[in-house]
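The values are calculated or read from the model by the stated rules, or taken from the named source; none is laboratory data. Owing to the predicted nature of the structure, the values given are computational and were not obtained by experimental measurement. So basically every Cβ, Gly included, is an ideal-geometry build from the backbone, and we count neighbours across all protein chains shown.
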Ligand code: CP
């Protein structure tokens with residue numbers, strides 16, 4: 001059973017993930033219909049609190065709230081009293097007193113949503129915390145894999161690029177292994193966290209080893225905002241050794257799909273040809289993002305959960 005909050009996929013069972021994905025499948029019918037309206041969140045109040053930029057995550061949560069009839073509001077750190085020095089806990093408790101049921105938060109500090117969750121009555125959803133976790137991205141990735149390939153169990157997923165700074169990499173390592181996938185990470189040694197193998201994934205510095213017979217080829221964004229200088233010699237070299245290009249698909253299975261959480265640095269971690277080819281499901285990932293977030297908000301706000 002889901003608890004009060006969703007702070008990460010660590011500790012979330014295969015059964016719970018399956019229930020979220022099953023519910024998201026039903027919600028997708030709403031997202032793709034002419035009449036995007038359901039009463040699932042009627043009477044609920046939801047706030048998005050973003051201390052970092054976002055297009056996909058913030059918009060999909062906001063649209064999920066609107067499609068399901070919640071009273072929703074957005075609070076950005078730069079225009080709120082946070083800019084006057086108000087603490088995160090004071091901000092959360094202020095929202096609590098206004099009757100907010102769910103706070104969806106993105107923050108540059110790993111662990112910030114965990115701190116907030118301890119001090120508020122509202123459910124807290126982690127929409128990305130520093131280099132730690134981005135659980136709803138991994139859930140929408142898993143929904144997309146299941147939808148396109150029929151199942152996650154036994155599928156080989158090759159994830160290329162900057163695993164060190166990527167919260168998407170961490171949540172996918174946890175989520176995909178929980179669901180029974182075989183997960184390989186390939187990237188430069190400077191961007192490969194040594195503790196990653198403890199999460200049950202394989203790591204390599206050789207792109208081909210990760211890609212051979214892969215069912216899924218996923219690129220990770222180069223996290224320039226979190227990187228120090230000198231972690232790889234040049235973008236051109238990075239693209240050649242760890243970027244996804246169309247020619248790399250010859251090593252993967254013939255029906256392999258290409259994924260990327262976005263936003264993409266075209267020409268760096270993924271070529272334009274690979275991003276826009278028939279095997280690419282990057283746009284479907286965005287659509288599934290709305291469905292997954294609808295499912296999650298519904299499940300967190302249901303009495304008895
Ligand atoms: N994938 C993802 O988190 O994208 P945004 O930063 O646009 O939300």
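Suppose we filter 167, 146 for residues that are closer than 23 Å to residue 300 by Cα and touching a strand residue (DSSP E or B) at 6+ places or on another chain (Cβ under 9 Å); which single one remains? Let's see the steps before the verdict.
Values: 146 fails: touching a strand residue (DSSP E or B) at 6+ places or on another chain (Cβ under 9 Å).
One residue alone meets the criteria, 167.
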Considering only residues of the stretch 80-111 that are buried (at least 22 other Cβ atoms within 10 Å of the Cβ) and within 23 Å of residue 9 (Cα to Cα), which is nearest to the ligand (Cβ to nearest atom)? 106
Just checking: which of the helices (runs of 4 or more DSSP H) contained wholly in the stretch 187-277 hold 2 or more residues that are under 11 Å from residue 161 (Cα atoms)? 235-242
Across (1) touching a strand residue (DSSP E or B) at 6+ places or on another chain (Cβ under 6 Å); (2) more than 14 Å from residue 10 (Cα to Cα); (3) in a helix (DSSP H, G or I), residue 183 clears everything bar (3)
Can you list residue pairs whose Cβ atoms sit under 6 Å apart, with the first residue in the stretch 162-173 being crowded, with 24+ Cβ neighbours inside 10 Å and the second being part of a helix (DSSP H, G or I) and modelled with pLDDT under 95? Count only pairs 6 or more apart in sequence or on different chains. 162/191; 173/199
Residue 115, sole failed condition from (1) in contact with a helix residue (DSSP H, G or I) (Cβ under 7 Å, 6 or more places away or on another chain); (2) crowded, with 20+ Cβ neighbours inside 10 Å: (2)
Failed criterion for residue 176 (all others in (1) in a loop (DSSP other than H, G, I, E, B); (2) surrounded by 15 or more Cβ atoms within 10 Å (Cβ to Cβ) hold): (1)
Number of positions in the stretch 141-160 that are closer than 15 Å to residue 177 by Cβ and within 13 Å of the ligand (Cβ to nearest atom): 1
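Out of all the residues in the stretch 127-140, is one or more within 19 Å of the chain's Cα centre (by Cα) and away from the ligand (no atom under 16 Å from the Cβ)?
Looking only at the stretch 127-140, we keep the residues that are within 19 Å of the chain's Cα centre (by Cα), and these are 127-140.
Subset that is away from the ligand (no atom under 16 Å from the Cβ): none.
No, that holds for no residue.
Among the residues of the stretch 33-54 satisfying the criterion of being part of a strand (DSSP E or B) and within 16 Å of the ligand (Cβ to nearest atom), which is nearest to residue 128 (Cα to Cα)? Steps first, answer last, please.
Looking only at the stretch 33-54, we keep the residues that are part of a strand (DSSP E or B), and these are 45-50.
Cutting the leftovers down to within 16 Å of the ligand (Cβ to nearest atom) gives us 48-50.
Numbers: 48: 12, 49: 11, 50: 9 Å.
The selected residue is 50.
Could we say that residue 8 is farther than 30 Å from residue 180 by Cα, in contact with a strand residue (DSSP E or B) (Cβ under 9 Å, 6 or more places away or on another chain) and outside any strand (DSSP E or B) here? Spell out the reasoning first.
Working: farther than 30 Å from residue 180 by Cα: no; in contact with a strand residue (DSSP E or B) (Cβ under 9 Å, 6 or more places away or on another chain): yes; outside any strand (DSSP E or B): yes.
For residue 8, the condition - farther than 30 Å from residue 180 by Cα, in contact with a strand residue (DSSP E or B) (Cβ under 9 Å, 6 or more places away or on another chain) and outside any strand (DSSP E or B) - is not met.
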The stretch 55-79, subset out of contact with any strand residue (DSSP E or B) (no Cβ under 6 Å at 6 or more places or on another chain) and part of a loop (DSSP other than H, G, I, E, B), residue farthest from the ligand (Cβ to nearest atom): 69
